[in-house]
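Enquirer: Questions regarding the structure given below will be posed in turn.
The values are calculated or read from the model by the stated rules, or taken from the named source; none is laboratory data. Values in this document were obtained by computation on a predicted structure and should not be read as measured data. Reconstructed Cβ throughout: ideal geometry from the backbone, glycine too, with neighbour counts over all protein chains shown. We work out accessible area using only protein heavy atoms, side chains counted, and drop any ligands, DNA or RNA first. Shrake-Rupley method; radii C 1.70, N 1.55, O 1.52, S 1.80 Å.
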Amino acid sequence: MNMPFETAKLHDCRDAFTAMLEDLAAENHAIVAVCNDSVGSSKLGGFRDKFPQRLINVGIAEQNMVGVGAGLANSGKIPFVCAASPFLTGRALEQIKADVAYSQTNVKLVGISSGMAYGELGPTHHSIEDFAWIRALPNVPVIAPADRIETAAAVKWAAEHDGGCFLRLSRVGVPDLLPEDHVFELGKANILRDGDDVTLIANGVLSHRAMIAASLLEQRGIQARVLNMASVRPIDQDAILTAARDTGAILTCEEHTTFGGLGSAVAEVIVDHHPVPMTRLGVPGVFAHTASANALLDDFGMSPDAIADSAAELLTRKG
Amino acid sequence: MEPQELRAVANRIRRRDLQAVYEAGAGHIGGEMSVTDLLTALYFHTMSIDPQAPMDPDRDRLVLSKGHTALALYVVLSEKGFIPKEEISTFLRPNSRLNGHPNRVKVPGVETNTGPLGHGLPVGVGMATGAKLDGAAWRTFVITGDGEMQEGSNWEAIMAAAQFKLDNLTLIIDHNRLQQGARLAETNDLAPLRPKLEAFGWAVDEIDGHDMAQICHALSPQTVVAGRPKCIVAHTNKGQGISFMTDNVAWHHKVPNEEQYKQAMAELEEAAG
């Protein structure tokens, strides 16, 4: 509760992903990595050096990549299928549906450089639809870790989980938020900071912005609860409803379109069970312009200041 | 099993398939008739499989990528003992596990869920890669339709299989020259298939896909070329065994009326005798 967090040192969560994957693969020979000419951008160079046979690079061919992952799972392997998130999820969406979700195969989908990490490269390379696409499919948990610690914990969980999942990772540096001994639990949110006036729910690179926003709100005399909601599906219904009852107002922020992502998932729970005023921050159903990921988040109203302003405004709608 | 016995099994499978399509009022009878001899040879001659242990890690794998011909696979699985023979009568009924496309979670013996075309070969590449990683001897077989080869995902998989030197993978193309809406030649003509596969580094056999001796020979491990994935271009006829369906594009998923059903069954029974 009210965990302190560092803002000085930023970490690339891909490093945590590959470090944990290499550790797990050293012990479990069933673990393999599959990629699409993305050894560098997936940071799989170390894995390739340690386990050259177990790095399966299919070339620039994402549909085949996901199918190969499903086939490897059929033969008893635990494949981590890694690619830039827009191409993994969009290009191979039907393979994810039929070969992974419907076939219930043990494929770990790892979408890297998700959200607007490739900000300057433009909307073809932005991945702000992936929550919605994958969240619509049964059998594939959708997980967006907030820092290097949660990334490592989620990778460990994924390797031990008997079934598929989608891990959504960024390449934009984030500070540590969670304690070093954090254990990932599917469908469980973490309260990063407690408060009674409003709840900020975020995941991925937005969680630390929500924490800064909560500090800014405190300066205005507003006590904000911050829920880190890595698990978008299944979502932590209990934590959401408790927050709705305790604080009476919920604001979500996500590096995703406001259609079908974290905000939508939270709103579904709220509408069904305990309606309270809500604000959903995200990309409002447009293709983003080009700028760095952090600048884009600022431009779409998700700077810490803007999040705090939105939360303060939301409070005026409480009954 | 010898070719003569295999022919008898295939004929029995065709008759049961025809009856099930007629009774269900749906199915993909044309492509089921073209693929039956290939499936029969695989399950009753070539593949090492045990209906009592459908998930044996050392089993050979068959992926029916042309999943719309699921009924032919279901009848084969029932003949082989994976599912009860009487269950075929539930095909397409509400809540039956025998729906229009195969489901590995529900039906023992099915390796991956298929239906959308162009999925089976990539999955087969993953299976064969897994076997190679383990140094295992089991083989992977994938059956696609010829029209299905228009899907780009297949060519992604064809490149990868050659690059990975998957000589434990066999792609069988059910080359019946017809797709759903028209002849292959009138749509996006991939024929001749052999030079295209060879250009990608595959070893290719071209056979009569209704000649059991030729099918069994092409599937035998002795014909595998070390370091190369294998493609069998099986020349077949849509509607094989039934005169008025053969090579007729109308019978992709048409259902015979009573008169047509009786004639078709009579022709198959005559061939069986």
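Enquirer: Using a 1.4 angstrom probe, figure out how much accessible area chain A has per residue, in square angstrom, rounded to the nearest whole.
Expert: Per-residue accessible area for chain A comes out at 36 Å².
Enquirer: Which of the peptides B:41-47, B:186-192 is most tightly packed, and how do the rest follow, going by the mean number of other Cβ atoms within 10 Å of each residue?
Expert: So the order, starting with the most tightly packed, is B:41-47, B:186-192.
Enquirer: Moving to a separate point now. Using a/c under 1.5 as the rounded threshold, could you call the stretch B:144-273 rounded, prolate or oblate? The axes a ≥ b ≥ c are square roots of the C-alpha gyration tensor eigenvalues, and prolate needs a/b larger than b/c, oblate otherwise.
Expert: Oblate, because a/c is 1.5 or more while a/b does not exceed b/c.
Enquirer: Then there is this: Plugging the Kirkwood radius over Cα pairs into Stokes-Einstein for the protein assembly as shown, at a temperature of 4 °C and a viscosity of 1.567 mPa s, what D comes out in µm²/s?
Expert: 50
Enquirer: Next question. Taking accessible area as the heavy-atom solvent-accessible surface of the protein chains with a 1.4 Å probe, which residues of the stretch B:108-126 lose no less than 40 Å² upon going from the isolated chain to the full protein assembly?
Expert: B:113, B:119, B:122, B:123, B:126
Enquirer: Given the convex hull over the Cα atoms of chain A, what projected area results after averaging over all orientations, in nm²?
Expert: It is 14.8 nm².
Enquirer: For the stretch B:1-138, compute Rg over Rh where Rg is the Cα radius of gyration and Rh is the Kirkwood radius from the inverse mean 1/r over Cα pairs.
Expert: 0.96
Enquirer: Return the residues of the stretch B:140-167 for which accessible area with all protein chains present is lower than in the chain on its own by 10 Å² or more; set the probe to 1.4 Å and exclude ligands, DNA and RNA.
Expert: Listed by number, the residues meeting the 10 Å² cut-off are B:153, B:156, B:160, B:164.
Enquirer: Among B:201, A:44, B:19, which residue has its Cα positioned farthest towards the positive end of the charge dipole of the protein assembly as shown, with +1 placed on the Cβ of Lys and Arg, -1 on the Cβ of Asp and Glu, and the dipole taken about the Cα centre?
Expert: Towards the positive end, the residue furthest out is B:19.
Enquirer: A further question on this structure: Please report how far the C-alpha centroid of the stretch B:84-137 lies from that of the stretch A:128-172, rounded to the nearest whole angstrom.
Expert: 27
Enquirer: Can you work out the Karplus-derived ³J(HN,Hα) for every residue in the stretch B:207-219? Use 6.51 cos²θ - 1.76 cosθ + 1.60 with θ = phi - 60°, whole Hz, and x for glycine or proline.
Expert: 9, 7, x, 10, 9, 4, 5, 5, 4, 4, 5, 5, 7
Enquirer: Averaging sequence separations of C-alpha pairs under 8 Å and six or more residues apart, then dividing by the length of chain A, give the relative contact order as a whole percent.
Expert: Dividing the mean separation by the residue count of chain A yields 18 percent.
Enquirer: From the Cα gyration tensor of the stretch A:137-281, with a ≥ b ≥ c the square roots of its eigenvalues, which class applies: rounded if a/c is under 1.5, or else prolate if a/b is larger than b/c, or else oblate?
Expert: Since a/c reaches 1.5 but b/c is at least a/b, the shape of the stretch A:137-281 is classed as oblate.
Enquirer: Could you tell me the total accessible area buried at the A-B interface, probe 1.4 Å, in square angstrom to the nearest hundred?
Expert: 2000
Enquirer: Skipping prolines and chain starts, which residues have an amide H placed within reach, meaning under 5 Å, of the one on residue A:279, given they are 5 or more residues away or on another chain?
Expert: For residue A:279, the qualifying residues are A:250, A:251, A:252.
Enquirer: Moving on to the next point. Taking the Cα centre of the protein assembly as shown as origin, sum charge times position over the Cβ atoms of Lys and Arg (+1) and Asp and Glu (-1), and report the length of that vector in debye to the nearest 20.
Expert: 340
Enquirer: From the phi angles alone, apply the Karplus equation (6.51, -1.76, 1.60; θ = phi - 60°) to the stretch B:96-107 and give each ³J(HN,Hα) in whole Hz, x where the residue is Gly or Pro.
Expert: After applying 6.51 cos²θ - 1.76 cosθ + 1.60, I find 5, 7, 8, 8, x, 9, x, 10, 6, 6, 9, 10 Hz.
Enquirer: Moving to a separate point now. How much of the accessible area of the protein assembly as shown, in percent, comes from carbon and sulfur atoms when a 1.4 Å probe is used?
Expert: Of the solvent-accessible surface of the protein assembly as shown, carbon and sulfur hold 49 percent.
Enquirer: Could you order B:5, A:313, A:150, B:79 so the one with the most accessible surface comes first? Probe is 1.4 Å.
Expert: A:313, B:5, B:79, A:150
Enquirer: Further question: Would you kindly derive the ³J(HN,Hα) couplings of the stretch A:224-229 from the backbone phi angles with the Karplus curve 6.51 cos²θ - 1.76 cosθ + 1.60 (θ = phi - 60°), listing them in order in whole Hz, with x for Gly and Pro?
Expert: 9, 8, 10, 9, 8, 10
Enquirer: Over all directions, the average projected area of the alpha-carbon convex hull for the stretch B:193-269 comes to how many nm²?
Expert: 6.6
Enquirer: Taking the Cα centre of chain B as the origin, how large is its charge dipole in debye, to the nearest 20, when only Lys and Arg (+1) and Asp and Glu (-1) carry charge on their Cβ atoms?
Expert: For chain B, the charge dipole is close to 520 debye.
Enquirer: Could you give the Stokes-Einstein D for the stretch A:5-168 in µm² per second, using the C-alpha Kirkwood radius, 37 °C, 0.692 mPa s?
Expert: Here the translational diffusion coefficient equals 212 µm²/s.
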